[in-house]
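Some notes on the structure that comes next.
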Amino acid sequence: MATKKTTKSAKSDSRRDFLALTAASFGAVGAGSVAWPFINSMNPAKDTLALSTTEVNLTPIQVGQSITVMWRGKPVFIRRRTEKEIAEARDVDTSKLIDPQSDEERVQNPEWLVLVGVCTHLGCVPSGQKVGESRGEYDGWFCPCHGSHYDTSGRIRKGPAPKNLAVPSYEFLNDNTTLKIG
Amino acid sequence: MGSGNREKFDNPVVEWVDSRLPVFTLLKAEYGVFPTPKNFNYFWNFGAIAMVMLITMILTGIFLAMSYNPSTAGAFESVERIMRDVNGGWLLRYMHANGASFFFIAVYIHIFRGMYYGSYKQPREILWILGVVIFLLMMATAFMGYVLPWGQMSYWGATVITNLFSAVPVVGDAIVTLLWGGFSVDNPTLNRFFALHYLMPFVIFAVVFLHVWALHVTGSNNPTGVEPKTKKDTLPFHPYYTIKDSFGVLLFLALYSAFVFFAPDSLGHPDNYIPADPLVTPAHIVPEWYFLPFYAMLRAITFPVGIPFTDIVFIEAKLGGVLVMFGSIALLFALPFLDKHPIRSARYRPLFRPAIILFLLNFIFLGYVGSQSADATLFGLPLSIFGLAATAVYYGFFIVLIPLLNKYEEGRELPPSIHESVLEAQQKSKAPEAA
Ligand code: HEM
Ligand code: FES
């Protein structure tokens, strides 16, 4: 008799548990689906996303010169590399690199190196664009914030940054005189 | 909260209100007759001081917000306008900017007091944890506030700190984009930081309320760490501690005013008077002084963690630094559960006492390391080595030393009561007179 009663109440307990759990899960899903639009409103808005291409005239840039343009609120480095810089970038054992990548994978045209000028460590702008600025130990760029050295392909060679400088998506237009970034 | 055994007030207006909503009874119980250990030293002033600073920040902040423009086009100029054209605007801004520093001074001393006298120990664990929550919220608030003037340090500080989240595996970059509302720190970022900077102090206020509530359940700790046993051990809060707290608050405010009026920019960085420029990173980015020890721990990890001599990396350097920095605060949360030694006060712990003083010096040294540029040297060695060593000392204190002391430290004899310890101290100070 007593055993029978316990099994019965255990059974109704588990039914109740089931109902409570189901109600709680629906509640959680409901709360989540209300929370998502709030959180998502913090993501980039449509007009912010729309500002996402920049065109640059390449004709005034001499061999060995670098310029910086803005794209999506960030600096983009465009360097017209010298023969020596290209050779330096290619004469590297890629397997020994922190973020292994060959120079060929990082450029469309070896003369033009296009990079997002934002250190992959914590986002400072590395120096090396202007004449006389430190280019670091690998002749590319040097980030003063925590000491990251990038080479002439924008690859991380030394310091705390984990990745190579990013290459944005870009294409050459009008007979290679215009660069469209984004 | 029941008003059943409420005492009547003589003033008829007070009585009329109190019999309907017993706020006066509450005030009397918590701030009037509230029994408070009679042996407090001046370390016990800093809770009241922090409260005064919080109110100062909220008041000056609300009035600043009336003239402040949270947009990248207008922020810097609106702050300059506050400084030059708004009536008394310079005073509001200097009170607010220096107020943040003095708020942190008070809270750091308050936290150290808690560590030295073992105030985090049973039964005050929740009280302590709420305190660490307040500290975290303050850091978030101050960080976002510093972005608002939109100077070079604002911009680059915000860039470096938000980029920390990119270290989170897999979703890191999505989190950073979400924080920014764009592809870099920009107008949407400034706008939301202003909204949150306005909100968070009120959240802090609510947590302070819980913190004080918890305090009034357990009662205060005191320099002996011995709980009050009889009426002889305590005094009513009013007038004894209302007066002592007012005195301490006034001294503190005098020092604060000296900065506001005579050295208002000495704690800030001059680069923040240069408008934000996304194309030029200042040569040396430093956070505000109150973040420096944590910044040093962030930078201490410059190597990945993995299996030696292989390419297998579990934690890359960037993530390592972030984990170590946040871990240092997680340890503060864990402190009540790490330190199981039965004696509270460092006065009666011959080993913990020098250890906690060394911990303090080490923390200050971390602050120095954080203030220097990444490639600085000390005694001819790279400073980063010292940063790593000091970080190890910080961690070692919590996870090696405290457990060892739990096991092996023998305390000194505790006074039988607060009252007796006060009498003993009085006798000692009288003794040379008698001789
Ligand atoms: C926990 C309390 C608070 C802390 C620690 C704090 C901290 C800060 C800091 C460090 C700054 C930068 C100061 C500078 O260098 O110019 C700042 C700016 C500002 N804060 Fe706060 N704040 C607090 C409360 C508030 C509140 C409650 C409001 C508004 C209701 C507010 C409104 C502002 C405004 C408008 C600015 C920009 C103007 C300026 O830079 O002086 N703050 N805050
Ligand atoms: S941001 Fe470039 S090294 Fe840290």
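The values are calculated or read from the model by the stated rules, or taken from the named source; none is laboratory data. Quantities reported herein were computed from a predicted structural model and do not represent experimental measurements. Cβ sites come from the backbone with ideal geometry, for glycine too, and all protein chains shown count toward neighbours. We work out accessible area using only protein heavy atoms, side chains counted, and drop any ligands, DNA or RNA first. Shrake-Rupley method; radii C 1.70, N 1.55, O 1.52, S 1.80 Å.
Just one of the numbered conditions (1) in contact with an Asp or Glu (Cβ under 9 Å, 6 or more places away or on another chain); (2) open to solvent by 20 Å² or more (accessible area, probe 1.4 Å); (3) within 13 Å of ligand 2 (Cβ to nearest atom); (4) within 22 Å of B:F183 (Cβ to Cβ) is not true of A:V118: (1). Of the residues that make up the stretch B:368-383, is at least one in a helix (DSSP H, G or I), open to solvent by 60 Å² or more (accessible area, probe 1.4 Å) and not hydroxyl-bearing (S, T, Y)? No; the residues of the stretch B:368-383 include none that is in a helix (DSSP H, G or I), open to solvent by 60 Å² or more (accessible area, probe 1.4 Å) and not hydroxyl-bearing (S, T, Y).
Could we say that B:V260 is under 23 Å from the mean Cα position of the chain (by Cα), within 16 Å of ligand 2 (Cβ to nearest atom) and either in a helix (DSSP H, G or I) or away from every other protein chain (no Cβ under 14 Å) (or both) here?
Details: under 23 Å from the mean Cα position of the chain (by Cα): yes; within 16 Å of ligand 2 (Cβ to nearest atom): no; either in a helix (DSSP H, G or I) or away from every other protein chain (no Cβ under 14 Å) (or both): yes.
So B:V260 fails the test.
If you scan the stretch B:352-371, which residues turn out to be within 11 Å of B:W289 (Cα to Cα) and among the polar types (S, T, N, Q)? If the condition is that a residue be within 11 Å of B:W289 (Cα to Cα) and among the polar types (S, T, N, Q), then B:S371 is the only one that fits. The condition of being farther than 23 Å from B:R344 by Cβ, of a type in the set (S, T, N, Q) and touching a Leu at 6+ places or on another chain (Cβ under 7 Å) holds for only one of B:T56, B:T72, B:T36, B:T141, that being B:T72. Residues in the stretch B:165-183 that are assigned to a helix (DSSP H, G or I) and either more than 14 Å from chain A (Cβ to nearest Cβ) or among the hydrophobic types (A, V, I, L, M, F, W, C) (or both): B:F165, B:A167, B:A174, B:I175, B:V176, B:L178, B:L179, B:W180. Residues that are touching a residue at least 24 places away in the same chain (Cβ under 8 Å) and open to solvent by less than 30 Å² (accessible area, probe 1.4 Å) do not occur anywhere in the stretch B:80-88.
Of all residues being more than 24 Å from B:L279 (Cβ to Cβ), in contact with a helix residue (DSSP H, G or I) (Cβ under 8 Å, 6 or more places away or on another chain) and of a type outside the set (G, A, S) in the stretch A:73-104, which is surrounded by the fewest Cβ atoms within 10 Å (Cβ to Cβ)? Just the residue, please. Restricting to residues being more than 24 Å from B:L279 (Cβ to Cβ), in contact with a helix residue (DSSP H, G or I) (Cβ under 8 Å, 6 or more places away or on another chain) and of a type outside the set (G, A, S), the top hit is A:E104. Look through the stretch B:184-200, keep the residues that are buried (at least 21 other Cβ atoms within 10 Å of the Cβ) and assigned to a helix (DSSP H, G or I), and return whichever of them is nearest to the other protein chains (Cβ to nearest Cβ). That would be B:T189. When A:V69, A:V29 are screened for being loosely packed, with under 14 Cβ neighbours inside 10 Å and either within 22 Å of A:V125 (Cα to Cα) or away from chain B (no Cβ under 14 Å) (or both), only A:V29 passes.
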